[in-house]
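Undergrad: There's a structure below that I have some questions on.
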Amino acid sequence: QVQLVESGGGLVQAGGSLRLSCAASGRTFSTYAMGWFRQAPGKEREFVAAINRSGYTTYYADSVKGRFTISRDNAKNTVYLQMNDLKPEDTAVYYCNGDKILSRVGVREYDYWGQGTQVTVSS
């Protein structure tokens, strides 16, 4: 089973930036489209962004479009989320996950999640 380890979270003031990383174990990382998700306290986990296997196609939730950028480095088995102009409503635990098919990344059910990384944005 692929293991996912998220990192890079922290406490930042509104308007600030953070870069999250998700390192995946296993040799099949490049065959998966990947996505970022987040879960705020008392809320359901929600889709944030996704990227295809090659890294050339991306899409975003409307709430982060224009502020967040997803990217990947297949040589390092890592997917990134650059978050700029952070807002208090971005406060959440952030997770990554993936699927073989890009269009399924944001909508499928996942059996496994990593531990996530906490992002806290103060106003």
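FYI, it's all coordinate maths here, none of it is from the lab. Since the structure is predicted, the reported quantities are computational estimates derived from the model, not experimental observations. Neighbour counts are summed over all protein chains in view; Cβ atoms, including those assigned to glycine, are modelled from backbone coordinates with ideal geometry.
Undergrad: Give the peptides 94-100, 108-114, 44-50 in descending order of average Cβ contacts within 10 Å, highest first.
TA: Ranked by mean Cβ neighbours within 10 Å, highest first: 94-100, 44-50, 108-114.
Undergrad: Across bins of 10 angstrom width beginning at 0, how are the C-alpha pair distances of region 1-80 distributed, in whole percent?
TA: 17, 49, 30, 5
Undergrad: Counting only C-alpha contacts under 8 Å and six or more residues apart, can you give the relative contact order of region 13-123 as a whole percent?
TA: 35
Undergrad: Kindly write out, for region 106-122 in residue order, the coupling ³J(HN,Hα) from the Karplus curve 6.51 cos²θ - 1.76 cosθ + 1.60 (θ = phi - 60°), rounded to whole Hz, with x marking Gly and Pro.
TA: x, 10, 7, 8, 10, 7, 10, 9, x, 7, x, 9, 7, 10, 10, 10, 8
Undergrad: For region 48-123, take the convex hull of the Cα atoms, compute a quarter of its surface area, and give me that in nm², please.
TA: 5.6
Undergrad: Once every DSSP H run of n ≥ 4 in the chain is given -39500 (n - 2.57) and the sum is divided by its residues, what mean residue ellipticity at 222 nm do you get, rounded to the nearest 500 deg cm²/dmol?
TA: On the way: 1 runs with 4 residues, N = 123.
-500 deg cm²/dmol, from helical runs alone.
Undergrad: Modelled label-to-label distance, GLN39 and SER63, 7 Å Cα→beta-carbon offset: nm?
TA: 1.5
Undergrad: Amide H of PHE68: which non-local residues (sequence gap of 5 or more, or other chain) have their own amide H closer than 5 Å, using H built in the peptide plane?
TA: ASN84
Undergrad: Region 36-79: percent of C-alpha pairs farther apart than 15 Å? Mind showing how you got there, number by number?
TA: Details: 458 of 946 pairs.
Of the Cα pairs, 48 percent sit more than 15 Å apart.
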